[in-house]
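A.B. asks: What follows is a single structure, and I will ask about it in a moment.
Only the coordinates and a few stated rules stand behind these numbers; no lab work does. Every value quoted in this text rests on a predicted model; they were computed, and no experiment measured them. Positions of Cβ are backbone-derived with ideal geometry, glycine not excepted, and every protein chain shown enters the neighbour counts.
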Protein chains: 4
Amino acid sequence: MTDRLTNGYVSILHGAGYVGRELITVLAHHPALSLGEIVSRSHAGDPISKAHPHLRGVVEGAFVDRLTDLSVDAVIVAAEHGQGVAAVQKLLETGYEGVIIDMSADFRIHDPALLKTYYGWDHPAPALLDEFVYGLPEVYAPYPSGTKFIANPGCFATGIALALAPLAEHLDITRVSVTALTGASGSGARPKSTTHFPDREGNVRAYSVLTHRHLAEVAMVTGATPTFVPASGPWTRGIWGTAVANLPAGFGPEQVRTWFEEAYAACPLIRLWPDELPELKPVAGTPFCDIGWTVHAGHLVVGFAIDNLLKGAASQAVQNLNLLLGLPETAGLLPSAITQATSLA
Amino acid sequence: MTDRLTNGYVSILHGAGYVGRELITVLAHHPALSLGEIVSRSHAGDPISKAHPHLRGVVEGAFVDRLTDLSVDAVIVAAEHGQGVAAVQKLLETGYEGVIIDMSADFRIHDPALLKTYYGWDHPAPALLDEFVYGLPEVYAPYPSGTKFIANPGCFATGIALALAPLAEHLDITRVSVTALTGASGSGARPKSTTHFPDREGNVRAYSVLTHRHLAEVAMVTGATPTFVPASGPWTRGIWGTAVANLPAGFGPEQVRTWFEEAYAACPLIRLWPDELPELKPVAGTPFCDIGWTVHAGHLVVGFAIDNLLKGAASQAVQNLNLLLGLPETAGLLPSAITQATSLA
Amino acid sequence: MTDRLTNGYVSILHGAGYVGRELITVLAHHPALSLGEIVSRSHAGDPISKAHPHLRGVVEGAFVDRLTDLSVDAVIVAAEHGQGVAAVQKLLETGYEGVIIDMSADFRIHDPALLKTYYGWDHPAPALLDEFVYGLPEVYAPYPSGTKFIANPGCFATGIALALAPLAEHLDITRVSVTALTGASGSGARPKSTTHFPDREGNVRAYSVLTHRHLAEVAMVTGATPTFVPASGPWTRGIWGTAVANLPAGFGPEQVRTWFEEAYAACPLIRLWPDELPELKPVAGTPFCDIGWTVHAGHLVVGFAIDNLLKGAASQAVQNLNLLLGLPETAGLLPSAITQATSLA
Amino acid sequence: MTDRLTNGYVSILHGAGYVGRELITVLAHHPALSLGEIVSRSHAGDPISKAHPHLRGVVEGAFVDRLTDLSVDAVIVAAEHGQGVAAVQKLLETGYEGVIIDMSADFRIHDPALLKTYYGWDHPAPALLDEFVYGLPEVYAPYPSGTKFIANPGCFATGIALALAPLAEHLDITRVSVTALTGASGSGARPKSTTHFPDREGNVRAYSVLTHRHLAEVAMVTGATPTFVPASGPWTRGIWGTAVANLPAGFGPEQVRTWFEEAYAACPLIRLWPDELPELKPVAGTPFCDIGWTVHAGHLVVGFAIDNLLKGAASQAVQNLNLLLGLPETAGLLPSAITQATSLA
């Protein structure tokens, strides 16, 4: 163990994928949390830096094939969709009593109708489902006292829901048109034809057009469903999207600015760009969601950008952990204080 | 001169940029047209392959500083926007009497209101403007007999107009939401901050949101103006976009298919992808416009893709040249016959 | 069948990969050769444009599961390494009597010692081996009269051998140090971890350091073996490399220039860049091998660049076909005459 | 000012470029150092996050047009080459008495012959030159007591010198052949033709072949000059290179391993990869220099990789600062302790 002061130990299940890699990286640099066990059945026994070579010299130790230490303060389940329920059930059966952050989609949607429409699924563990809170902190935090289980939001869902939530009471979300593009890391660490370099480089490809499952989360947050064209783009990290809406008569840029500034006044991980759309690259590698907008001739375009592996997955999980464990919301994500570049004089 | 049979010589003004490069490349391989003079004031005297090194061994000769041979059959003016009028006027003053294809925006828009809205411009040569035909062949060809001057369409305009033209009589285009992304070659051969590799790679950036000038062309072709969010993406060649619309009650995928198939039945350079959206890469390097669509729950998404330097510029110019000179529409753009892979038996 | 005049029909075995794709593309545009059957067991029955979507509208017909028409003039075997022998044997057993171009490594190396060292292989069909000529035209053409079978060279081997062949009688090749990087298309169309976009983009990776099999071909051409560090780079098409040597006392840039100019005086697909090293991109998409050099303080650096799928595979195969069938060497690869941009006057 | 404990304030001259950006980023997260003034004449008055948008929400304050607070503990001069001398002279004239890290090449080379050969320069301030120590910590630290001025090494020089230094007493460095490729961020933040996206993407280009100025630094560190072919590659961050040498008779992989392990036993920012060459991407974004090697048939290939903006510039500057200010060498660069992923039990 390190000799630093720690407010908690965090173990990770399914730690050999890209989300696992980012979780380990963030937690290794966290000032108040320490890494517990990193589980990966397929990589058990391998040094962690074999699957994650950029962590050589930063993180030591090896993957283990199952959790043996149930005394940790939190477990993050980075399983693929459909495997979260079983992983969580097993964890509880073994007697684990701490915090759980589930990265899969399995505990996000509570509405049976949405589950049916988007997942074709009757939830296999509805009682457990009720104990999970949907972990979009800018909309739902502070979480109810006693919350121990968090369903971490999807990557597209995070960007779209944060872009639309402040508009939901002012506009008809069903008439909003969303387009968003994601990088190749969103498809995970396993090679596929859609991430084969010669076919991904220089290419854009739409998929799950109008039917993407993350729409269920957007519907849950905003109460309605926009159209959504998801696509994949030729880069590794980040989601960039736009939402186009008609602005009701009488509303202009000032109202839009007020809506967003009021919604996110207390949110250190939202950056607003009034009257311009955010670019993708400045948000890559950061825990922020950038949101900007333009108004012209009665139309409103809202742009949003996140790092799909961070605000769309790992940093949002740590943000949620911080909130559940009583730490500052941005601990491990931003410097302990906003740096002020200035003179001493 | 080459010893091949030629149906005409074509000279190029402003031949040192990316559009010039593509024009030279296409014409060098054209079975029935030959290259005349390649003019570039800034590169005059340089071998053509100095500015266009991939053409070494394919095209010989040097850039000249002005057109000296007025007997050619066609001149393509690859000037930047705003310089087309002066270039064409000068060409006519010197006594040139052949075909002109202007690549700039200067002769595209005839409606003074659109010119005012999108360009802030009273056209400086309205009489000349009337002699130009807007060169979107799939919509406007065959051109009126005697047409000698073509205003070659803009790149975004080509993709959007071809995607929307078949819908214009069935849907309210003003409620269609278009998003499209273009590669870095669309910004030309001169380095700029928006094409600086470290800032372009891994980045997406919106610009001219809701106000892009190519909307004037779309309005001219379809009679109405959609919303349009243009953006730049991290690749070199190609435009990829989508148009999202509500489908009126009673219409489904069959009608949409009929609309597109009827509109483009005789168009060899349109490729339709029913019930899927086209990808970008299969159209890069080709003279095609790919169009596909998806219908779901009353919404229609139309996807389109072109190579911005080819169907969005150079190959469309040659397509127009072919039509004006009485050659097959696809001469120099496709093999002389569709190749049939099969047995001899 | 097309109605164009044809000097021959060419069928392709294993036509669904990247080399197959390029062969089909080149042959579809060839002025004197026509496509016969395109065989792919795994894609049999699929339209050719399903595996090769950029060819929609250019090539029609479907993949077949085996060659049925043995009357074609040539068959190109685009099998993977190790499968060439069996494919050729089967072809001959069925009674095929035409030209064969084998793209695999199986018939390239005739020296049993090199075969043993680099492939660990006793050749399974040595009699057949003797009938194959190594198809590096700039070194070995004109081929012996009656040549019907060509072993098409490897991609790295093509670049390195062409860069070193003119030096072999002047320098000690065993003391030359070669480094070369290849794009992801060199790994083929099947997704692998080394071509997974998030791991390939922004990455460089060495492999087969000092032991790459293409050294056997270089040794065969130059009579000696340089050191060779192969690596993969983050792009799709092209090989770029350098060879560093000591220049014997008394030799300078003029001698080097003479060596290359004399070696390649009659080679239309070699482009020489005296006193500068070629860049990669101007050769991508072309059938050329670019070679340049720099001399400083007794050291010589030779640079070379090819498109790995063209001069490193498909266009070299067609170049070889042209030579065997008595067509101009560059038919289908360059315009029928070098275009001279000039005036008519 | 922040309320965190600080062991020093650090100001930056020329803070609007890429190296400035990385310096600000590293220092903003440093546990023991705080940012002082960020100077940029061209951006004075602008928020720092305007030039460096990814720092919005992390660093506040604006660029200033000159240093006003001379009480800071260190100043990093991120001027371009040739501007370092004047910047340092001015700083001293104003009475500044603290530590200086100069990022330019101006104070690196002390040998007049090397300066003449590689820079064509008689040093304008030889007395000042003598006060600067060349800041390659793995070779030269601990620095002489009282050292206050550091010349921070060049990016290529860092990688090559660290790869060759352990070999210098065993091999003839003049017969070593080095090839290395750098990303586009190495060319700085100003757009140039060599970093224009359409010409950089998919391209590799050699430059300063056999004459690159960083050879002067390599010669200073190793006592001899290898051949060096520098090239630029299509990525943003990182340098990847190889050095090829003949291994004297009697030496094998074990000796090579011993040489490197002994040389860098106490170096936390060197990662060794015995018997394999490091890849580029795992080092991008990290402060490490990765070094690996392969031995075959009497030849040794050493591979090296660094992030050109970090170990090749900004993180090495902070590493040097840490050493001069008595902080742990890796403060602000690695977590305070190596994280051990393990169980509590």
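A.B. asks: Distance in nm between label sites at residue A:175 and residue A:80, each 7 Å beyond Cα in the beta-carbon direction?
C.D. replies: About 4.1 nm, to one decimal.
A.B. asks: Follow-up question, since we're still on this one. Can you tell me how the stretch D:62-199 classifies by the Cα gyration tensor, rounded, prolate or oblate, using a/c under 1.5 as the rounded cut? All intermediate terms of the calculation are to be shown ahead of the outcome.
C.D. replies: On the way: a/c = 1.86, a/b = 1.23, b/c = 1.51.
Oblate, since a/c reaches 1.5 and b/c is not below a/b.
A.B. asks: Against the longest alpha carbon principal axis of chain D, how many degrees, from 0 to 90 and to the nearest 10, is the axis of helix D:18-28 turned?
C.D. replies: Tilt relative to chain D: about 70 degrees.
A.B. asks: Please list, short to long, the whole-number percent of alpha-carbon pairs of the stretch C:1-98 in consecutive 10 angstrom bins beginning at zero.
C.D. replies: Once binned at 10 Å, the Cα pair distances of the stretch C:1-98 give 16, 51, 29, 3.
A.B. asks: While we're looking at this one, here's another question. What does the helix-only formula give at 222 nm for the protein assembly as shown: each DSSP H stretch with n ≥ 4 adding -39500 (n - 2.57), the total divided by the residues, and the result rounded to the nearest 500 deg cm²/dmol?
C.D. replies: -6500 deg cm²/dmol
A.B. asks: A further question follows. Could you sort out which of A:281/D:192; B:311/C:50; B:50/D:116; B:148/B:311 sit more than 31 Å apart by Cα distance in this structure?
C.D. replies: From A:281/D:192; B:311/C:50; B:50/D:116; B:148/B:311, over 31 Å: B:50/D:116.
A.B. asks: Diagonalise the Cα gyration tensor of the stretch D:155-294 and give the resulting equivalent ellipsoid semi-axes, square root of 5 times each eigenvalue, largest first, whole Å.
C.D. replies: Square roots of five times the eigenvalues give 28, 17, 13 Å.
A.B. asks: Another one. Rounded to whole Hz and in sequence order, give me ³J(HN,Hα) for the stretch C:30-37 from the Karplus expression 6.51 cos²θ - 1.76 cosθ + 1.60, θ = phi - 60°, writing x for Gly and Pro.
C.D. replies: With the stated coefficients, the stretch C:30-37 comes to 6, x, 10, 10, 10, 6, x, 7 Hz.
A.B. asks: Given a Förster radius of 41 Å and the C-beta distance between residue C:297 and residue C:7 as r, what FRET efficiency does 1/(1 + (r/R0)^6) yield to the nearest 0.05?
C.D. replies: That pair, residue C:297 with residue C:7, gives E of 0.20.
A.B. asks: Another question, then. Taking amide hydrogens as modeled 1.01 Å from N in the peptide plane, which residues meet the under 5 Å criterion relative to residue B:15, leaving out close sequence neighbours?
C.D. replies: B:39, B:40
A.B. asks: Cα extents of the stretch D:183-250 along the three principal axes, largest first, in whole Å?
C.D. replies: 49, 23, 18
A.B. asks: Using R₀ = 41 Å, calculate the FRET efficiency as 1/(1 + (r/R₀)^6) where r is the Cβ-Cβ separation of residue A:207 and residue C:131; round to 0.05. Walk me through the numbers on the way to the answer.
C.D. replies: Details: r = 49 Å, r/R0 = 1.21.
Efficiency, rounded to the nearest 0.05: 0.25.
A.B. asks: Moving on. Just tell me how shielded D:61-73 is by partners: mean number of partner chain Cβ atoms within 10 Å of each residue's Cβ, no decimals. Display every interim value, and only then the final one.
C.D. replies: On the way: counts 6, 2, 1, 3, 0, 0, 1, 3, 4, 3, 3, 2, 1.
Per residue, the number of nearby Cβ atoms from other chains is 2 on average.
A.B. asks: Round to the nearest 0.05 the FRET efficiency obtained for residue A:148 and residue A:42 when R0 = 41 Å and r is the Cβ-Cβ distance.
C.D. replies: 0.90
A.B. asks: Given the Cα atoms of chain D, and with Rh set as the inverse mean 1/r over their pairs in the Kirkwood sense, what is Rg to Rh to two decimals?
C.D. replies: Using Cα coordinates only, the ratio equals 0.96.
A.B. asks: Residue D:299's amide H: which non-local residues (gap 5+, or another chain) put their own amide H closer than 5 Å, with H modeled 1.01 Å from N in plane and none for Pro or chain starts?
C.D. replies: Under 5 Å from the amide H of residue D:299: D:247.
A.B. asks: Using amide H atoms built in the peptide plane, which far-off residues or other-chain residues are under 5 Å from residue D:334 H to H?
C.D. replies: none
A.B. asks: Could you give the angle, 0 to 90 degrees to the nearest 10, between helix A:314-324's Cα long axis and the longest principal axis of the Cα atoms of chain A?
C.D. replies: Long axis of A:314-324 versus the principal axis of chain A: about 80 degrees.
A.B. asks: Next question. Quick check: the angle from helix A:253-263's long axis to the longest principal axis of chain A, C-alpha only, nearest 10 degrees?
C.D. replies: Result, in degrees: 30.
A.B. asks: Rounded, prolate or oblate: pick one for the protein assembly as shown, where a ≥ b ≥ c are the square roots of the eigenvalues of its C-alpha gyration tensor, a/c under 1.5 means rounded, and failing that, prolate if a/b is larger than b/c, else oblate.
C.D. replies: Rounded shape, in that the Cα axes give a/c under 1.5.
A.B. asks: How compact is the stretch C:248-294 by the rule of thumb for globular proteins, expressed as Cα Rg over 2.2 N^0.38 Å? Kindly include the intermediate steps, with their values, before the conclusion.
C.D. replies: Details: Rg = 11.8 Å, N = 47, 2.2 N^0.38 = 9.5 Å.
Relative to the 2.2 N^0.38 Å estimate, the stretch C:248-294 comes out at 1.24.
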